[in-house]
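The structure under discussion appears below in the form of structure tokens.
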Amino acid sequence: MGDEARLAERHFIEVRDLKVHFPRKTGWGKPKQVVHAVDGVSFTIAKGRVLAIVGESGSGKTTTALAMMRLGPITAGSIHMGDQDVTALQGEALRDFRRHLQMVFQDPYSALNPRWRVGDIIRAPLDVLGIGDMASREARVLSLMEAVGLRAEQRHLFPHQFSGGQRQRINIARALAPQPALLVCDEPVSALDVAVRAQTLNLLKRLQHQFQLTYAFISHDMSVVEYMADEVVVMLLGQVVEQAPRAQFFKAPQHPYSQALLASVPSVRNAAVRPVPRVRISGEPGSPINPAPGCRFASRCPLAQARCREQTPLLRDVGGSTVACHLV
């Protein structure tokens, strides 16, 4: 059985105790500082499902995504795709495996080479990875352009001749070219107009079913998450504080930080339809530089007690959700 057949049988992506720490330069004679950008993150993604990773800016969402893609350093932990340890891959083995891991970046403008024609951009992963011959690559380009709603004759145009929404479609087509098993979407609609966002999200949903894709979907927009996700992971200062199925998360978030995230989203729905506990937070977010022990939300949590500032809460099952909070 070949690699592709074995990969198709694998059931999930598993991230175990992932850590990404960056040393920070300090002045002469001052103690060393370490930025704990990702600090012990664990989660799984079932095959064919959408896992949304949410949290405010600086929570470690994008750093986690780059580590999953092996586009950034990994301090500790592991990432498995089925029985393959992705973190152990190096050199040619990592290059060959990259076809199974692709990413749609946030900015559709800077993610495309302005000097390349669109057909060349979409074909680039096939050229780099040596997939197929030139005829099959060209056929794949035309097929993907049709799949994302672009015309075949547009392959001769340059990125500046497209709108923002069309450029993101080009990015999506390029990511799909090597037929990946996992597609990481890092804020894929945040730079688009509201009307274009809806079209792009519908396209991503259709493509997921059409190509049987697994998504890691990173966003801070809770309405987008509610529409796209099957499972939600909430990150805060490099740690996971809650993981739950989408319906359960939006109906009854458990962690005070999750409640604050949802309560901050304007909604026209009746409160009886989706009651969200009102949690008001104040103060400045904690620092990821040599963080203090205890819960990383303790300095802003109105419910915090002494042990919240002294003991780091562990993730535990609470009514179908996994929550890191002493008080839940």
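When residues in segment 1-52 are screened for being at pLDDT 90 or above and open to solvent by 100 Å² or more (accessible area, probe 1.4 Å), 2 of them pass. Among residues of segment 97-110 that are among the charged types (D, E, K, R), those with a Cβ under 7 angstrom from a residue that is outside any loop (DSSP other than H, G, I, E, B), sequence gap 6+ or separate chain, pair up as ARG98/LEU129; ARG99/LEU129. Among the conditions (1) over 25 Å from MET235 (Cβ atoms); (2) in a loop (DSSP other than H, G, I, E, B), the only one that ARG99 does not satisfy is (2).
With respect to (1) open to solvent by 60 Å² or more (accessible area, probe 1.4 Å); (2) of a type in the set (D, E, K, R); (3) in a loop (DSSP other than H, G, I, E, B), the lone exception for ARG70 is condition (1). The residues listed here are ALA139, ALA65; of these, the one that is outside any strand (DSSP E or B), under 30 Å from SER163 (Cβ atoms) and modelled with pLDDT under 95 is ALA65. No other residue among GLY55, GLY60 is open to solvent by less than 30 Å² (accessible area, probe 1.4 Å) and closer than 15 Å to VAL184 by Cβ apart from GLY60. If you check ASP107, ASP127, ASP83 for being exposed (fewer than 15 other Cβ atoms within 10 Å of the Cβ) and at pLDDT below 90, only one passes: ASP83.
The values are calculated or read from the model by the stated rules, or taken from the named source; none is laboratory data. These numbers come from a predicted model, not from an experiment. Note that we place each Cβ from the backbone using ideal geometry, even for glycine, and neighbour counts take in every protein chain shown. Remember, those area values only see protein heavy atoms, side chains included, never the ligands or the DNA or RNA. Shrake-Rupley method; radii C 1.70, N 1.55, O 1.52, S 1.80 Å.
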